[in-house]
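See below for the structure under consideration.
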Amino acid sequence: MSIVIQVVWLALIATIEIVATQWDRLVRGHARKVRNLAFTVINHLVIPVATVTVTHLCQPRIGTHWIAGLPALPGIVLTVVALDFAGYWFHRFSHRNLFLWRFHQIHHLDEDFDATTGARVHTAEEVMHQVVLVVIAVMLGVPSSYFTVFATLSFIMAIFHHCNVAIAWKVERVLRTIVFTPALHVPHHNDDIVNTDSNFGFIFPWWDRMFGTYNTAQRTPQWRIGLDYSHDLSLHRLIVQPFVPKQLKESAIAPVPYATYETAGQAAARPEGKAA
Ligand SMILES: [Zn+2]
């Protein structure tokens, strides 16, 4: 059921992106989207089943029953808030720790920003992230069904806050007090490191507000999406890149020149074939 909801949501947002686009596409062709979606297909084939199974098996044996002992509604709310809080710190640490960054940079190497970006997470990063969440879930006594609710909501929000959909400012202004919106998350994908290292939240923006990483910078047509030390890579290079001893940043001769990029509303989009 969870996977059906996620697929339908992804298709729905992708459809809305076509009819209510906010920003011109920066990368033409379908190869980029296929690359991004390939990761989510790989991730969904094994990880959700594994995490729910491990939570289900471990929680009664070695975990507590704190959240399982609560009524369903507060139990689910507490699960979502606690695991989203953990996700914030895992994400923030992934930008600081060189080992974790090897994997997380695959998400940031995307040179456009849409729903498929939200689906683009290296499988090894997803595994590590889920391991952290499962350990916390077991410690808190989260039933596996609540964990599935959180995982589904988390995916829905990841697709939403990456989407390229025009949202009225009046609506967005209210939404951003409760959840991460695309306008709030897009600075995190700007290649300016000041913006990249901000807005780490997944579902709620509260953790960024509490811990000094909240950023309300507004995207402009001049913003470049991606990382300043590399262009995007082909799918097979994205998969193996984290395991290559010499990292992209070490190989970079100079920052990616801004002039090689087109921005929304300017020159024709960069041909897909230029991916390294
Ligand atoms: Zn990030």
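Each reported figure results from applying straightforward, stated rules to the coordinates on display, with no laboratory input. These figures come from a predicted structure and were not determined experimentally. Reconstructed Cβ throughout: ideal geometry from the backbone, glycine too, with neighbour counts over all protein chains shown.
Taking only Cα atoms, what is the 0 to 90° angle, nearest 10, from helix 123-140's long axis to the longest principal axis of the chain?
30 degrees
On a full-extension model of 0.36 nm per residue, what is the gain between residue 99 and residue 249, subtracting their alpha-carbon distance, rounded to one decimal in nm?
Additional length available on full extension: 52.7 nm.
Sort 169, 23 so the one with the fewest other Cβ atoms within 10 Å of its own Cβ comes first.
Sorted ascending by nearby Cβ count, the order is 169, 23.
Compute the acute angle (0 to 90°) between the alpha-carbon long axis of helix 72-94 and the principal axis of greatest extent of the alpha-carbon atoms of the chain; round to the nearest 10°.
Around 40 degrees separate the two axes.
Using a 7 Å offset from the Cα along the Cα-to-Cβ direction at both residue 217 and residue 192, what is the distance between the two label points in nm, to one decimal?
So the label points at residue 217 and residue 192 sit 0.4 nm apart.
Let me know the charge dipole size of the chain about its Cα centre in debye, to the nearest 20, where only the beta-carbon of Lys, Arg (+1) and Asp, Glu (-1) is charged.
For this selection, approximately 140 debye.
Can you compute the FRET efficiency between residue 56 and residue 34 using 1/(1 + (r/R0)^6), with r the Cβ-Cβ distance and R0 = 25 Å? Round to the nearest 0.05.
Approximately 0.15, to the nearest 0.05.
Across 5 Å bins from the origin, how do the percents of Cα pairs in the chain run, short distances first?
1, 5, 12, 17, 19, 17, 13, 8, 4, 2, 1, 0
Starting from the amide H of residue 165, placed 1.01 Å from N in the peptide plane, find each other amide H under 5 Å away whose residue is 5 or more places distant or on another chain.
22
When the chain is modelled as a GNM with alpha-carbon springs shorter than 10 Å, which of 250, 111, 17 fluctuates the most?
With Cα springs under 10 Å in the chain, the top fluctuation among 250, 111, 17 is at 250.
For a Förster distance of 25 Å, can you work out the FRET efficiency between the beta-carbons of residue 18 and residue 170, rounded to the nearest 0.05?
0.60
Hey, can you grab everything whose amide H is under 5 Å from the amide H of residue 230? Only 5+ residues off in sequence or another chain; H modelled, so Pro and N-termini drop out.
Placed amide hydrogens put 256 under 5 Å from residue 230.
Taking the 0 to 90 degree range and rounding to the nearest ten, how far is the long axis of helix 144-161 tilted relative to the main principal axis of the chain, both from C-alpha atoms?
Here the helix axis deviates by roughly 20 degrees.
Just to be sure I understand: with springs between alpha-carbon atoms less than 10 Å apart, which residue in 248, 83, 12 has the highest mean-square fluctuation in the Gaussian network model of the chain?
Evaluated over the chain, the most mobile residue of the options is 12.
Run the numbers on the chain and let me know its relative contact order in percent, using alpha-carbon pairs under 8 Å that are six or more apart.
26 percent
Considering only DSSP states other than H, G, I, E and B, which trypsin sites (Lys or Arg not before Pro) in the stretch 96-185 qualify as loop sites with at most 12 other Cβ atoms within 10 Å?
Listed in order of number, the matching sites are 96.
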